[in-house]
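The values are calculated or read from the model by the stated rules, or taken from the named source; none is laboratory data. All values derive from a computational prediction rather than experimental measurement. Cβ placement follows ideal geometry from the backbone for every residue including glycine, while neighbour counts extend to all protein chains displayed.
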Amino acid sequence: MKIVMKFGGSSIDDSRKMLKAAKIVADKVKSNDSVIVVVSALAGVTDNLISAAQLSIKDMDSARKIIDNIMLKHLNILNGISNQALKRLLEDKVRLSIHELNNILIGLVNMANVSMDILDNIISFGERLSAPIFSNYLVELGISSKALNGWEAGIITDENYGNAHPIPSVNKLIREKVEPIISSGIVPVITGFIGLSTNGKITTLGRGGSDYTASLVASSLMVDELWLWTDVDGLMTADPKIVLKAKPIKYLSYDEAIELCFFGAKKLHYRTLEPVIDLGIPIRIKNILNPDSEGTLIVKSKSSPPARAICVLKGSTVITIRNIVFHHKPLSITASTLNEKNIKYEDTSMIAVVGINFLQYPEILQKVTKLLKSQEVDIQAIFSLGNSTVLAVSNGFEERAANLVHDIIIGDN
């Protein structure tokens, strides 16, 4: 079995988690599976790098403190490596990278702002630090491994810094760069999120960039599955902070996953799905803290039950124009302008039921509306979006409505 495993920052941000993640990979390799690893920066590092970049213009001392803490975080993770020679080599690499980073920040002192290409270079250090450490954790476990920067794995992009897009030939480039390494029995550990523009400058792939990198690699190498490791048991039927009976989702179709992303799923970005949909490569979202759990499996088609998740969108707006209701958030037109145009609008909250269109199930629609009204939840509008249904309810009632709808639609299915 050939698998791409992507590890998020929260799943590798201390020596215990890093070792656990490396053992997961090592166990698969020892079972004769082929594994390609993609890693994010350690949790919090990307945000800290952005802060350091912005601070360096006027307050280099504060920026340097942030960078010192980043260095310390990575040096502490090396405590999980018992091979002292290997550990010293990695310590030198971390310090060298931090020295290079500090020099870039010094060059920003008294600048008017941080250009996007320089910011991408600074941000890239998060993954460039984490990948070699992960790779050497594998070496510690007896697994041959090589760390690759995104461009060394074939991730070449346009020059849209901050949200770069891979060039059309990226799949061919990835195959040419990565396949020989896999064929040699070496586990590549690839930096997520970053690539190189056609003019030779470091780029970042935007929100969800590490997952997107993993998906690009998975589609290029035609793997059997893509595994996204995080710190929860897959996607949930609702936010457990809002819905008390929320539980992990076992299966989703690609279409349902895209709609879940649209409604704000935090553990998945829609760009992750783009490279694998046509190839039908399954995606698993798994928990590093509970690796034996199956997590959530995202596949091309689905089976019953029809409804998959309940999403709550607080502080939304419903606008009615000639009896057409649509959702727009954030509202970009001022209230005064709407009043001048004689357009009716209401501030509201949305309850999205992903995976079922109530218009096709009138008996369910009747059951839901009857229950909500009996619990004094005012339904201001009901409309469908794709395979999902959205209920607009008065602000302040969204949590009650979400729990009621979850009980009746998803329940014990």
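Data overview
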quantity: Verdict on ASN32 being part of a loop (DSSP other than H, G, I, E, B) and either of a type in the set (Val, Ile, Thr) or surrounded by fewer than 22 Cβ atoms within 10 Å (Cβ to Cβ) (or both); calculated: yes
quantity: When residues of the range 102-121 are limited to those that are in contact (Cβ under 8 Å) with a residue 40 or more places away in the chain and not in a loop (DSSP other than H, G, I, E, B), the one farthest from the chain's Cα centre (by Cα); calculated: ILE106
quantity: Test: residue in the range 148-169 that is farther than 17 Å from GLU274 by Cβ, touching a strand residue (DSSP E or B) at 6+ places or on another chain (Cβ under 8 Å) and in a strand (DSSP E or B); calculated: yes
quantity: Selected residue (only one of LEU228, LEU260 is touching a residue at least 24 places away in the same chain (Cβ under 8 Å) and touching a Cys at 6+ places or on another chain (Cβ under 9 Å)); calculated: LEU260
quantity: Condition met for VAL25 (outside any helix (DSSP H, G or I) and touching a helix residue (DSSP H, G or I) at 6+ places or on another chain (Cβ under 7 Å)); calculated: no
quantity: Answer residue from the range 242-265, given it is within 16 Å of the chain's Cα centre (by Cα) and of a type in the set (A, V, I, L, M, F, W, C) and is surrounded by the fewest Cβ atoms within 10 Å (Cβ to Cβ) among those; calculated: PHE262
quantity: Qualifying residue in the range 191-202 (condition: within 21 Å of LYS314 (Cβ to Cβ), without any contact (Cβ under 8 Å) to a residue 40 or more places away in the chain and not in a strand (DSSP E or B)); calculated: no
quantity: Top-ranked residue of the range 266-307 - restricted to ones that are modelled with pLDDT under 90 and crowded, with 22+ Cβ neighbours inside 10 Å, ranked as farthest from HIS406 (Cα to Cα); calculated: LEU268
quantity: Residues (more than 18 Å from ALA309 (Cβ to Cβ) and surrounded by 14 or more Cβ atoms within 10 Å (Cβ to Cβ)) located in the range 373-382; calculated: VAL377, ILE379, GLN380, ALA381
quantity: Subset of the range 168-179 (residues that are out of contact with any helix residue (DSSP H, G or I) (no Cβ under 6 Å at 6 or more places or on another chain) and buried (at least 17 other Cβ atoms within 10 Å of the Cβ)); calculated: VAL170, LEU173
quantity: Some residue of the range 53-66 being in the same structural domain as VAL187 (by TED's automatic domain parsing), without any contact (Cβ under 8 Å) to a residue 24 or more places away in the chain and among the aliphatic types (A, V, I, L, M); calculated: yes
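Quick grid of which residues meet (1) within 27 Å of ALA26 (Cβ to Cβ); (2) surrounded by 15 or more Cβ atoms within 10 Å (Cβ to Cβ); (3) touching a Leu at 6+ places or on another chain (Cβ under 9 Å); (4) in the same structural domain as ASN76 (by TED's automatic domain parsing):
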position: ILE106; (1), (2), (3), (4): no, no, no, yes
position: ALA112; (1), (2), (3), (4): no, no, no, yes
position: ILE123; (1), (2), (3), (4): no, yes, yes, yes
position: ASN136; (1), (2), (3), (4): yes, yes, yes, yes
